[in-house]
Structures are given as C-alpha cells and as structure tokens.
1. Once the dipole of the chain is set up with Lys and Arg at +1 and Asp and Glu at -1 on Cβ about the Cα centre, which of 76, 120, 33 lies farthest towards its positive end?
2. Go ahead and run the numbers for FRET between residue 109 and residue 29, Cβ-Cβ distance against an R0 of 41 Å, rounding to 0.05.
3. Which cross-chain or sequence-distant (5 or more) residues have an amide H under 5 Å from the amide H of residue 92, H modelled 1.01 Å from N in plane?
4. Can you say what percent of the DSSP beta bridges in region 1-156, counting only those with both residues inside, are antiparallel? Round to 5.
5. Given labels modelled 7 Å from the Cα in the Cβ direction, how far is it in nm from residue 55 to residue 74?
6. Considering only C-alpha atoms, what is the centroid distance from region 142-167 to region 91-124, in Å?
7. Using alpha carbon centroids, what distance separates region 34-52 and region 5-23, in Å?
8. For the chain, with the dipole built from +1 on Lys and Arg beta-carbon atoms and -1 on Asp and Glu ones, taken about the Cα centre, which of 51, 102, 160 lies farthest toward the positive end?
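Every number in this text was worked out from the coordinates using simple rules, so none of it is lab data. Fair warning: this is a prediction, and the values are worked out from it, not measured in the lab. Cβ sites come from the backbone with ideal geometry, for glycine too, and all protein chains shown count toward neighbours.
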Amino acid sequence: MDGQKIKSIREYLGMTQAELAREIGVTCLAVSHWETGSRQPSVLAIRAVEMLGELRGPDKRIEMEKEAKERFDKINQQYFNNRLRKRYQIIFSKRMRKARGQALPKRKVILLSAAKLKESGWEEVEKTLKHEMIHCWLYERGRPWGHNREFKAKLREITIQGKRNNKGEKSGHMGLKG
Ligand SMILES: [Zn+2]
C-alpha cells in the first residue's frame, strides 16, 4: 500500500523510477521493489517521497489557490457587499502548522495553512478564510482589526447568514467542489 502511494506521487510528479531514486538517494531497484510490493519502504523513505511531492507539486498549489480565490470572491459578494478589493492574494503556506490562517491586510495577503486543508478539507478552510476576511474588511474600513467586538459581531452575522444560505443551496444552486 505504501508502495502504491510512492508510485502515485512519482507519477504525479512525472518522474521515472530512476529519477525518483536519484532524488531521494536510493537505488532504482529499491523503488521498483517498493512499487511492486516485494519490499516495504521505510518510514523515512515514504516521508522523503511525500516531501518531494509537496515541494515539486506547484500545479496542485496553483489549483488550490485558484479555488481559494473563487471562494474569496463568492464570500466577498455574499457577506461583504464586495467591499474587499479584488486584488487580495491568497497563499497556501506549507510552514503554517499551528495557525489556520493569517491576514496581512496591509500587504493584501491572506495566508492559509496547507496542512489544515489536507487535514480537514475545504469546509474548514472556508471558515478560516471568512475569519481572515473579516480582519481585512475591518482594516479596509479603517477600523481596529483585531478580535474586537465589531469583529465578533460580523462573525456572528456571517455564521447566521451562512446557515440560512446553506438551506437554500439544495435547489440546484451550483455549489463549489470539494
Ligand atoms: Zn483572527
């Protein structure tokens, strides 16, 4: 099963067995053995391949950021009357592990944790995105933009409105994937 995983990452990266072997410092035969299941890869080897997948998989990251931007636009329209400027950049950070996200409104950047997306999926990431967007929304209106009373009121409003919207979404509304 681990061999299958290694194979799928290798194929995703478009590498040959020899290329993968060279990258992580094992023999070509070892990779072949893992993939056919005749030998089990070590935990370290699996991790090395996974990390390679994360580092060399920029396409996936672009896709994630595109999806996040689409959600941003939708949330902006639904909950903020398009008050947030369109040129915000949403970046998935691989280093961010403890926090779910971070708003950098001065730089027009919202950071999201790539690890959290992997762990808990888009539903949770969208919650984080809404949270960070409230910070930005306050900032753009020249308000204090911490977790203050205004922040919490907006969060409550969005949560309530979100529940109402979800009920109506069953009627053929084109939902976002994931
Ligand atoms: Zn916050």
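1. 76
2. About 0.35, to the nearest 0.05.
3. Answer set, sorted by chain and number: 112.
4. 45
5. Label at residue 55, label at residue 74, 3.5 nm between them.
6. Distance between centres, Cα-based: 19 Å.
7. Distance between centres, Cα-based: 10 Å.
8. Positive-end residue among those listed: 160.
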